[in-house]
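Notes to accompany the following structure.
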Amino acid sequence: MGIVEDYVARTEGTCGKEKDVIVIFKYEKKDEAINRILKRAKVEKSLAGIVFELTFKNFSFRLYRSGKAIFRSLKNKDELNAVLSELLS
Amino acid sequence: MLDPYKIREDFPILERKVNNNPLIYFDNAATSQKPRQVIEAIKSFYENHNANVHRAVHTLSQEASELYENAHEEVARFINASGMEETIFVRGTTEAINLVAYSQGLHNLKENDEVIVTLMEHHSNIVPWEILSKIAGFNIKYVDVNNDGTINYESFEGAISKKTKIVCVSHVSNVTGVVNDVRRIAKTAHEYGSLVLVDGAQSVPHLPVNVKDLDADFLAFSGHKMLGPTGIGVLYGRREILEEMEPFQGGGEMIRAVEFSSKTRRCSITWNDLPWKFEAGTPNVCGGVGLTEAVKYLKKVGMENVKEHEEALTKYAMSKMRECCKKVKIYGPQTPTAKCGIVPFGVDGVSSHDIALFLDNYGIMVRSGFHCAQPLHEVFRLNSSARASFYIYNTCEEIDRFIEILKEIEQF
């Protein structure tokens with residue numbers, strides 16, 4: 001199993017013009033996933049430790065303590081997988 | 001007045017926690033939660049009465065048939081239809097609309113005919129007509145929506161003509177909660193000889209709905225939005241129209257006879273009586289049983305009480321959002337009395353999906369996106385919206401908690 005499959009339960013494209021992608025981490029692994037991501041990405045802003053606005057390379061995304069993240073402006077699923085692989089490794 | 005605290009005791013799911021917070025369910029326009037009575041009825045059906053309906057002589061089939069037929073009768077009484085012949089069970093509102101679109105579109109609509117659809121419709125009342133117009137060649141005319149989300153009646157009156165065969169309109173918008181004057185639309189449509197199809201997905205669960213008062217020819221609605229199970233919905237149709245209509249799908253249950261002629265080497269088919277003529281194949285018997293209990297539950301609560309409670313919650317939510325939140329914008333009508341219990345909103349600088357994710361973090365469920373109504377969002381020039389929608393088990397305390405979290409979101 002790849003690292004993305006190891007941590008990610010499912011991804012969901014948002015409904016709306018934005019075409020964002022929601023990543024839902026596996027419940028039992030969400031805290032570990034969040035810690036890994038916070039180590040790799042740059043925290044631009046945080047609100048009460050609940051939500052983090054992050055940047056990683058040219059990507060910006062928000063990570064929620066509930067174990068969900070919202071990625072913007074991704075070209076496709078391959079790009080999402082590549083970013084997640086790096087963030088979670 | 002209904003007592004939401006008493007009602008909450010009937011809904012086991014409301015006891016659960018999400019992210020260590022009590023569940024606050026404000027996504028009722030998408031689907032409602034189910035009371036214990038509905039859950040028990042479904043369980044009891046499978047434990048005691050499960051069988052295929054009709055054309056069997058054994059006890060279980062007769063019991064199942066009786067329960068399924070009673071479900072039609074119960075629903076017919078709930079919307080004041082003339083009888084169960086006028087209530088066809090389908091999978092949901094979408095299938096109900098498709099039934100009318102395919103049956104009318106393939107057999108009764110032709111080139112130069114027109115179908116009128118409003119721009120506030122759910123995709124389920126747009127897409128079937130677009131598909132069928134390509135097959136049958138009829139034209140679709142869209143009715144404008146005003147900036148406040150109300151229907152533009154002048155646009156409707158300008159669009160209708162002798163060419164109009166069907167007018168398709170939501171009773172209540174699933175985005176804004178706007179209640180349309182269906183009676184006014186039906187009166188005009190009938191003067192031009194047009195049929196009227198009403199999407200009642202957001203009205204039947206929340207308002208007293210009487211098909212005779214509405215003067216609708218068709219009314220489509222879903223069981224799962226009115227405390228019932230998923231996979232069961234209703235198409236009400238005026239008896240004389242349904243009798244003339246061709247079936248939507250073919251198979252068992254919807255025929256009286258299929259006779260093979262050795263002379264022509266073809267089968268000649270006689271349709272079954274209403275409503276079975278439109279219910280091909282083994283129906284969702286258990287769904288019907290669950291829907292019966294849901295209808296009984298709503299009748300016991302009283303639909304006037306449901307309406308009043310949701311109006312009070314909507315009024316409370318809108319006034320609190322205005323009073324306590326500086327960056328929150330409410331879309332659609334600004335007067336709670338013009339609408340049902342739906343509040344679409346946004347927060348300046350925050351996407352609707354971030355709003356929904358943030359609220360979810362605190363166990364509050366709202367929907368974000370287009371809500372299957374992209375054309376209406378284009379009218380509003382919105383990329384998407386967040387939507388809080390209420391039902392009989394929601395309380396002002398839940399709204400207070402929602403407002404608290406909205407204030408946090410504003411800080412982002």
Quick check on the protein assembly as shown: helices-only [θ] at 222 nm, where DSSP H runs of length 4 and up contribute -39,500 (n - 2.57) each and the sum goes over total residues. Nearest 500, please.
-11000 deg cm²/dmol
If amide hydrogens are placed 1.01 Å from N in the peptide plane, which non-local residues have theirs closer than 5 Å to the one on B:Asp27?
B:Ser389
Inverting the mean 1/r over all pairs of different Cα atoms, compute the Kirkwood radius of the protein assembly as shown and quote it in Å.
24.6 Å
Among DSSP beta bridges lying fully in the range B:39-299, give the percent that are antiparallel, nearest 5.
50 percent
Need the per-residue list for the range A:17-34: every residue with at least 40 Å² less accessible surface in the complex of protein chains than in the chain by itself, probe 1.4 Å, sorted by number.
A:Lys17, A:Glu18
Shielding by partners - mean other protein chain Cβ count within 10 Å, residues of B:15-25:
1
From the phi angles alone, apply the Karplus equation (6.51, -1.76, 1.60; θ = phi - 60°) to the range B:232-240 and give each ³J(HN,Hα) in whole Hz, x where the residue is Gly or Pro.
9, x, 9, 10, 7, x, 4, 3, 5
For the range B:367-385, which residues drop by 40 square angstrom or more in accessible area between the chain on its own and all protein chains together (1.4 Å probe)?
B:Phe370, B:Asn383
So if I take the centroid of the Cα atoms in the range B:362-412 and the same for the range A:26-89, what is the distance between those two points in Å?
24 Å
For B:Lys165, go through the lysines and keep the ones whose alpha-carbon is under 24 Å away, minus same-chain ones fewer than eight residues off.
B:Lys110, B:Lys134, B:Lys141, B:Lys187, B:Lys212, B:Lys277
Just the number, please: carbon plus sulfur as a percent of the accessible area of chain B, 1.4 Å probe, no ligands or DNA/RNA counted.
48 percent
Can you run phi through the Karplus equation (6.51, -1.76, 1.60; θ = phi - 60°) for the range B:329-341 and list ³J(HN,Hα) in whole Hz, with x for Gly and Pro?
10, 9, 8, x, x, 8, 9, x, 6, 7, 8, 8, x
Label A:Lys19 and B:Phe260 with points 7 Å out from Cα along Cα→Cβ: what is the distance between them in nm?
5.4 nm
Any idea of B:Ile135's accessible area? Nearest 10 Å², probe 1.4 Å.
100 Å²
In square angstrom and rounded to 100, what buried accessible area do you get between chains A and B, total over both, with the probe at 1.4 Å?
1800 Å²
Whole Å is fine, so just give me how far the alpha carbon centre of the range B:88-114 lies from that of the range B:65-82.
23 Å
Would you tell me the accessible area of A:Arg10, worked out with a 1.4 angstrom probe on the heavy atoms of the protein chains, in Å² to the nearest 10?
120 Å²
Counting Lys +1, Arg +1, Asp -1, Glu -1, what net charge surrounds B:Pro22 among other residues with beta carbon under 9 Å of its beta carbon?
+1
Among B:His371, B:Pro35, B:Ala51, the residue whose Cα sits farthest towards the positive end of the charge dipole of the protein assembly as shown (+1 at Cβ of Lys and Arg, -1 at Cβ of Asp and Glu, taken about the Cα centre) is B:His371
Kindly report the accessible area of the range B:39-299 per residue (heavy atoms of protein chains, probe 1.4 Å, no ligands, DNA or RNA), in Å².
41 Å²
Counting other chain Cβ atoms within 10 Å of each Cβ in B:356-362 and taking the mean gives 5
Hey, how many Å between the Cα centroid of the range B:234-251 and the Cα centroid of the range B:173-198?
20 Å
Within the set of other residues whose C-beta is less than 14 Å from the C-beta of B:Val182, count the net charge using Lys and Arg as +1 and Asp and Glu as -1.
-2
Among B:Val343, B:Val18, B:Leu274, which residue has its Cα positioned farthest towards the positive end of the charge dipole of the protein assembly as shown, with +1 placed on the Cβ of Lys and Arg, -1 on the Cβ of Asp and Glu, and the dipole taken about the Cα centre?
B:Val18
Which net charge results when you count Lys and Arg as +1 and Asp and Glu as -1 among the other residues whose beta-carbon is under 15 Å from that of B:Gly281?
0
Hand me the trypsin sites (Lys or Arg not before Pro) from the range B:136-211 located in a DSSP loop with no more than 13 other Cβ atoms within 10 Å, in residue order please.
B:Lys162
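The values are calculated or read from the model by the stated rules, or taken from the named source; none is laboratory data. This is a predicted model, so every value here is computed, not measured. Reconstructed Cβ throughout: ideal geometry from the backbone, glycine too, with neighbour counts over all protein chains shown. Remember, those area values only see protein heavy atoms, side chains included, never the ligands or the DNA or RNA. Shrake-Rupley method; radii C 1.70, N 1.55, O 1.52, S 1.80 Å.
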